[in-house]
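Asks: Pasting a structure below so you can have a look.
The values are calculated or read from the model by the stated rules, or taken from the named source; none is laboratory data. If you're wondering where the values come from, they're calculated on a predicted model, not measured in any experiment. Cβ: placed from backbone, ideal geometry, glycine included. Neighbour counts: every protein chain shown. Surface accessibility is based on the protein's heavy atoms, side chains included, excluding ligands, DNA and RNA. Shrake-Rupley method; radii C 1.70, N 1.55, O 1.52, S 1.80 Å.
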Amino acid sequence: MACSVSCDLVTESSPIDESHRYSALSSPHLFGQVISTRQLPIGPAAVLSTPPSVLSGRTTSQTRKRLCPFVALVDDEDPWTGRTAMDHSGAPDTLHPAHCGAAWGGPPDVPEVGCRSTLFQHDARLVTANESADRCHPTVIAAPPVVESCPVPLTPVPHPVPRVVSRRALSPLESSVVHESVRTALLLFPGCELRDPLLQKRMLSLAEEAFAAADEVYGMEDAEAWGESFTIPASAVSEDCSDYVAAGCCLRTLAAERQRLSGARRLSSFRAPLVEILSPDNPETTKLQQLADEGMRVFVDPLFAPNSSLGVQPPLRLKYLATKSAVNRLLYTNFHQKGLAIVLPRSLVESGQDKERFHVSPLSWAPKTGTPKGRPIGDCSDGGKGALPLNSTHAKLACDAAWGTIKHPTIADISNMVDHFLHQSSLEYPGERVVLWKMDLKGAYTLLSFCAEDVPLMGSELTDGLIMFFLCGIFGWTGTPACFQVVTRAIAHELITRLRGKVKVYVDDIFGVTRQCDLDYDLGVTTTVCETMLGPDAVEVTKTEVGPRLGVIGYEIDLELRLVAVAHKNVLKALHGFLSTNVDAPTTVKALQRLASWASRYGEICRYMRPYVGALYAAYTGRKTMGTFPIPAAARISILLFRVLLSLTSVLERQFTRALGSFQPTSPQWIVEFDASLSGVGILWFRREPGVSNEILLGGCSLDITSLGFGVDSSLQNTAEFIAGALGVRGLSAFGASHCSVELRGDSISALTWAKKSKVRSATASNAAVYFALQNMALDIQIAMVTHLSSEENWRADMLSRGSCLADLGNRDSR
């Protein structure tokens, strides 16, 4: 099935002013002699490197029976001519490059560009068997002493902590799955083996490590064994009972006294006023002082009533009962022994002043990787049958109104900070070594106290008829994150104005970048700020890390390789999740939600992943939470591909992760302006001159896409527009564009959005999205900017999409 291509390339160019970019269209001397205006008797595959039926998401009669990959081998001398090679190997039910393209709309075989260059030709670096040893592991350092406002340099004591690799032999079934993934990787990315002759061995080793890490997840029996039949000591209960009686059997009075006793070590009114500590312009001073003076108020729904007043007693959860020794031991050690909780018999509380004012939320337990004890969970969203819980929409909105909405820094924010600092440092201090560092606040939410008046609402029932009332912040209550954001913002403000390097704060994690010579100073100032504000034990000194490569919010930033990768432990966890999913067996909504969450998160780092995420979400959308169902074909292929891509993000980082500077907004050198009708595509190419706003018109293209069979179906308009953008980027190779960023301009917001995110909402356009992502990776092209044009502004590309040529545009401009 042939399509008609008319391509005009400009032979002579002159700068075009930004405000009159198209004025040169009316200048005959600009175009000179048109060197390429022709009708090519080739299918769209020669231009798109994939069959038209695949790109459009439709199957023609010629491809319905057997879909095969089309690989364009583009000649150096004439990028717009090509020959199409067909690969008939493999069966539709196996994961062969042909069938990835068939199911998804883009052949995973990456089109060769220029002189048979492969995907991995740029930025070559052979990866050896010792690649894992090349990782720059963080160094744990001893905490610096508290420094005054002008701290003296401190000398950290390095303690190398190499990553301990744990592996185990795979079972026959596991080995079969892993070996299939290795074969798939070599089929999809044949250049990988040239990069790393030991690729297969390294992928197998990674899989063994992933399964070994998964084996370290302990269960409830392990937790109960760890708890060693622990019970809350009778002496501790007796002491709390005595103090409770002395306080007139009033929980509020006892809570206020306990908070007074611990106030000198925490954020409280018993320490120096914050106005004497914080900068005068710190916008969080008032809210932080309110938290210090009053504590966190527990906002509740207007219809809320404590379940004690209703005679409602939530039953003890089965998970809690199965792990009671571990949960009780953890709560006693982490809260009660530190003076952050009160334990009383329920019968005593029911006879006191708060007998109708206390509220109990159930406890549960969750596993924690690498330790049998797990972690206790308080469920404030369960008030018991017939009673409203503490957590509610009203409570969330009230907390946001009181303390401010939560806005966390993203990996893009952190990466941009690091990249900008590296650039500035290289200009101002060439040759100076730059390092990353991070510091944790100890106990996080427990650093804040509840308002003493509200402590009766923060109860959780234990075994033996006991209730623990928490005096400090806990996980599980909807208001704790919003309250703690006040602390986060206050610390961030102080550090931004005081440090010599740069810093971001994510809840209780502080992440910074600085010059090596300023490291001691920045660590000392950070420690001083945190401890002066929150107390002498506010910093978790054992978790302070320094190095050229550090983990942050689930990712890793590497200064030496200038890249952002998925944190190794997260790769292992996600890889095990995909490898252990039986694609031929029924699954659940929860299982697919977990896979889709990983895919979406890590697709930000590996751009190959993005087009395949939608199928995982679509697989469970609209299904009931309970029950099982077969995994749809598209989702099965996504799972098989993610097994490969997750492995490659670890074993071939440079090719399958993201460059550190790629998050920075840039002013792209190359510009593609496009439009489409249901029967044709129009494209204009520009090059922006460095340092100025002038743009040079390079040429244009008119493409007949009637072979795609869109007809008059207007619902396919956005898909046609997206294909136009993909063609436009592909055409840049004619001008030698690669390893660069590109700006797309068009009048379809949907197409521009899909292009920017490399993923689509339309099932029809999903095939083109896969092709688009793979093509961009092959050319190493980043869509750095998209600009929406009105239909009036985009009339030139519109004319081309309806069969006009550049001369027609020039004639209209001249009028």
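Asks: Go through the range 525-537 residue by residue and tally those that are in a loop (DSSP other than H, G, I, E, B) and either free of Cβ contacts under 8 Å to residues at least 40 places away in the same chain or crowded, with 23+ Cβ neighbours inside 10 Å (or both).
Replies: Matching residues across the range 525-537 total 0.
For (1) in contact with a Lys or Arg (Cβ under 8 Å, 6 or more places away or on another chain); (2) outside any helix (DSSP H, G or I); (3) farther than 30 Å from Val589 by Cβ, each residue gets a yes or a no:
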site	(1), (2), (3)
Leu646	no, no, no
Ser650	no, no, no
Gly661	yes, no, yes
Pro668	yes, yes, yes
Arg687	no, yes, yes
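Asks: Can we say Lys319 is open to solvent by 10 Å² or more (accessible area, probe 1.4 Å), part of a helix (DSSP H, G or I) and over 28 Å from Gly263 (Cβ atoms)?
Replies: Numbers: open to solvent by 10 Å² or more (accessible area, probe 1.4 Å): yes; part of a helix (DSSP H, G or I): yes; over 28 Å from Gly263 (Cβ atoms): yes.
Taking the combined requirement at face value, the residue satisfies it.
Asks: Can you name the residue in the range 802-811 that is touching a residue at least 24 places away in the same chain (Cβ under 8 Å) and more than 11 Å from Leu684 (Cβ to Cβ) and is also least open to solvent (accessible area, probe 1.4 Å) among such residues? Break it down into steps so the answer makes sense when it comes.
Replies: Within the range 802-811, the subset touching a residue at least 24 places away in the same chain (Cβ under 8 Å) is 802-807, 809-811.
If we keep only those that are more than 11 Å from Leu684 (Cβ to Cβ) as well, we get 802-805, 807, 810-811.
Values: Arg802: 159, Gly803: 60, Ser804: 25, Cys805: 41, Ala807: 60, Gly810: 6, Asn811: 85 Å².
Residue satisfying both the conditions and the ranking: Gly810.
Asks: Something else: Report yes if Asp558 is farther than 24 Å from Arg167 by Cα and open to solvent by 10 Å² or more (accessible area, probe 1.4 Å), otherwise no.
Replies: It is false that Asp558 is farther than 24 Å from Arg167 by Cα and open to solvent by 10 Å² or more (accessible area, probe 1.4 Å).
Asks: Answer with yes or no whether Leu779 is more than 32 Å from the chain's Cα centre (by Cα), closer than 18 Å to Ile683 by Cβ and open to solvent by less than 40 Å² (accessible area, probe 1.4 Å). Break it down stepwise before answering.
Replies: Working: more than 32 Å from the chain's Cα centre (by Cα): no; closer than 18 Å to Ile683 by Cβ: yes; open to solvent by less than 40 Å² (accessible area, probe 1.4 Å): yes.
When the stated conditions are applied, Leu779 does not pass them.
Asks: Against the condition of a type in the set (Gly, Ala, Ser) and surrounded by fewer than 24 Cβ atoms within 10 Å (Cβ to Cβ), how does Ser667 come out, does it pass?
Replies: So Ser667 fits the description; yes.
Asks: Taking only the range 363-393 into account, find how many residues are more than 17 Å from Lys319 (Cβ to Cβ), open to solvent by 70 Å² or more (accessible area, probe 1.4 Å) and under 30 Å from the mean Cα position of the chain (by Cα).
Replies: Here the count works out to 2.
For every residue, the table says whether it meets (1) among the aliphatic types (A, V, I, L, M); (2) over 30 Å from Leu534 (Cα atoms); (3) open to solvent by 20 Å² or more (accessible area, probe 1.4 Å).
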| site | (1), (2), (3) |
| --- | --- |
| Cys249 | no, yes, yes |
| Arg252 | no, no, yes |
| Ala272 | yes, no, yes |
| Glu294 | no, no, yes |
| Ala326 | yes, no, no |
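Here is a yes/no grid of residues against (1) in contact with a His (Cβ under 8 Å, 6 or more places away or on another chain); (2) under 26 Å from Glu604 (Cα atoms); (3) not in a helix (DSSP H, G or I):
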{"position": "Leu427", "(1), (2), (3)": "no, no, no"}
{"position": "Gly431", "(1), (2), (3)": "no, no, yes"}
{"position": "Lys438", "(1), (2), (3)": "no, yes, yes"}
{"position": "Val455", "(1), (2), (3)": "no, no, no"}
{"position": "Gly476", "(1), (2), (3)": "no, no, yes"}
{"position": "Phe484", "(1), (2), (3)": "no, no, no"}
{"position": "Val487", "(1), (2), (3)": "no, no, no"}
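Asks: Could you grab me the full set of residues in the range 720-736 that are touching a helix residue (DSSP H, G or I) at 6+ places or on another chain (Cβ under 7 Å) and farther than 23 Å from Ser677 by Cβ?
Replies: Matches in the range 720-736: Ser733 only.
Asks: Considering Trp754, Trp795, which residue is touching a Phe, Trp or Tyr at 6+ places or on another chain (Cβ under 6 Å), of a type outside the set (Ser, Thr, Tyr) and open to solvent by 10 Å² or more (accessible area, probe 1.4 Å)? If you could, list the steps in order and put the result at the bottom.
Replies: Values: Trp795 fails: touching a Phe, Trp or Tyr at 6+ places or on another chain (Cβ under 6 Å).
Of Trp754, Trp795, the one residue that is touching a Phe, Trp or Tyr at 6+ places or on another chain (Cβ under 6 Å), of a type outside the set (Ser, Thr, Tyr) and open to solvent by 10 Å² or more (accessible area, probe 1.4 Å) is Trp754.
Asks: Right, here's the next one. Within the range 648-662, can one find any residue that is touching a helix residue (DSSP H, G or I) at 6+ places or on another chain (Cβ under 7 Å), open to solvent by less than 10 Å² (accessible area, probe 1.4 Å), of a type in the set (Gly, Ala, Ser) and in contact (Cβ under 8 Å) with a residue 40 or more places away in the chain?
Replies: no
Asks: Could you grab me the full set of residues in the range 493-509 that are open to solvent by less than 70 Å² (accessible area, probe 1.4 Å) and part of a helix (DSSP H, G or I)?
Replies: Of everything in the range 493-509, those that are open to solvent by less than 70 Å² (accessible area, probe 1.4 Å) and part of a helix (DSSP H, G or I) turn out to be His493, Glu494, Leu495.
Asks: Inspect the range 629-640 for any residue being without any contact (Cβ under 8 Å) to a residue 24 or more places away in the chain and either hydrophobic (A, V, I, L, M, F, W, C) or open to solvent by 10 Å² or more (accessible area, probe 1.4 Å) (or both) and give the result as yes or no. Full working, then the answer.
Replies: Kept after step one, since they are without any contact (Cβ under 8 Å) to a residue 24 or more places away in the chain, are these residues of the range 629-640: 632.
Add one more test, that the residue is either hydrophobic (A, V, I, L, M, F, W, C) or open to solvent by 10 Å² or more (accessible area, probe 1.4 Å) (or both), and what stays is 632.
The answer is yes; a qualifying residue exists.
Asks: In addition: When the range 230-265 is examined, which residues are found to be under 20 Å from Met458 (Cα atoms), outside any helix (DSSP H, G or I) and either under 45 Å from the mean Cα position of the chain (by Cα) or hydrophobic (A, V, I, L, M, F, W, C) (or both)?
Replies: Within the range 230-265, Ile232, Ala247, Cys249, Cys250 meet the criteria.
Asks: Among the candidates Val455, Val434, Val360, which residue alone is open to solvent by less than 30 Å² (accessible area, probe 1.4 Å), among the β-branched types (Val, Ile, Thr) and farther than 30 Å from Leu251 by Cα?
Replies: One residue alone meets the criteria, Val434.
Asks: Suppose we keep only residues that are in contact with a strand residue (DSSP E or B) (Cβ under 9 Å, 6 or more places away or on another chain) and modelled with pLDDT of 85 or more within the range 178-220. Which one would you say is surrounded by the fewest Cβ atoms within 10 Å (Cβ to Cβ)?
Replies: Gly219
Asks: Sort out which residues of the range 247-280 are out of contact with any Ser or Thr (no Cβ under 8 Å at 6 or more places or on another chain), among the aliphatic types (A, V, I, L, M) and over 22 Å from Thr526 (Cα atoms), and write them in order of number.
Replies: Selection gives Leu251, Leu254, Ala255, Ala256, Leu261.
Asks: Next up: Can you run down the residue pairs with Cβ atoms below 9 Å, 6 or more apart or on separate chains, where the first is in the range 218-238 and farther than 14 Å from Asp464 by Cβ and the partner is at pLDDT below 95 and assigned to a loop (DSSP other than H, G, I, E, B)?
Replies: From residues that are farther than 14 Å from Asp464 by Cβ, the pairs are Tyr218/Thr369; Tyr218/Gly370; Trp226/Tyr218.
Asks: Here's something else I'd like to know. Go through (1) over 30 Å from Glu284 (Cα atoms); (2) touching a Phe, Trp or Tyr at 6+ places or on another chain (Cβ under 9 Å); (3) open to solvent by 30 Å² or more (accessible area, probe 1.4 Å) and name the single condition Glu428 misses.
Replies: Exception for Glu428: condition (2).
Asks: Taking the range 709-725 on its own, how many of its residues are among the aliphatic types (A, V, I, L, M) and either closer than 13 Å to Trp685 by Cα or surrounded by fewer than 24 Cβ atoms within 10 Å (Cβ to Cβ) (or both)?
Replies: Final tally of qualifying residues: 3.
Asks: Just one of (1) assigned to a strand (DSSP E or B); (2) under 22 Å from Leu678 (Cα atoms) trips up Thr764, so point out which.
Replies: (1)
Asks: Six or more apart or on different chains, Cβ under 9 Å: which pairs go from a residue in the range 332-351 that's open to solvent by 70 Å² or more (accessible area, probe 1.4 Å) to one that's assigned to a helix (DSSP H, G or I) and polar (S, T, N, Q)? Could you list them?
Replies: Final answer for the pair search is Lys338/Ser262; Lys338/Thr446.
Asks: Pull up the range 570-591, narrow it to residues that are in contact with a Lys or Arg (Cβ under 9 Å, 6 or more places away or on another chain) and not in a loop (DSSP other than H, G, I, E, B), then point me to the one that is nearest to Thr514 (Cα to Cα).
Replies: Asn570
Asks: I'd like the residue in the range 461-484 that is open to solvent by 10 Å² or more (accessible area, probe 1.4 Å) and not hydrophobic (A, V, I, L, M, F, W, C) and, out of all such residues, is modelled with the lowest pLDDT.
Replies: Once the filter is applied, the top-ranked residue is Gly476.
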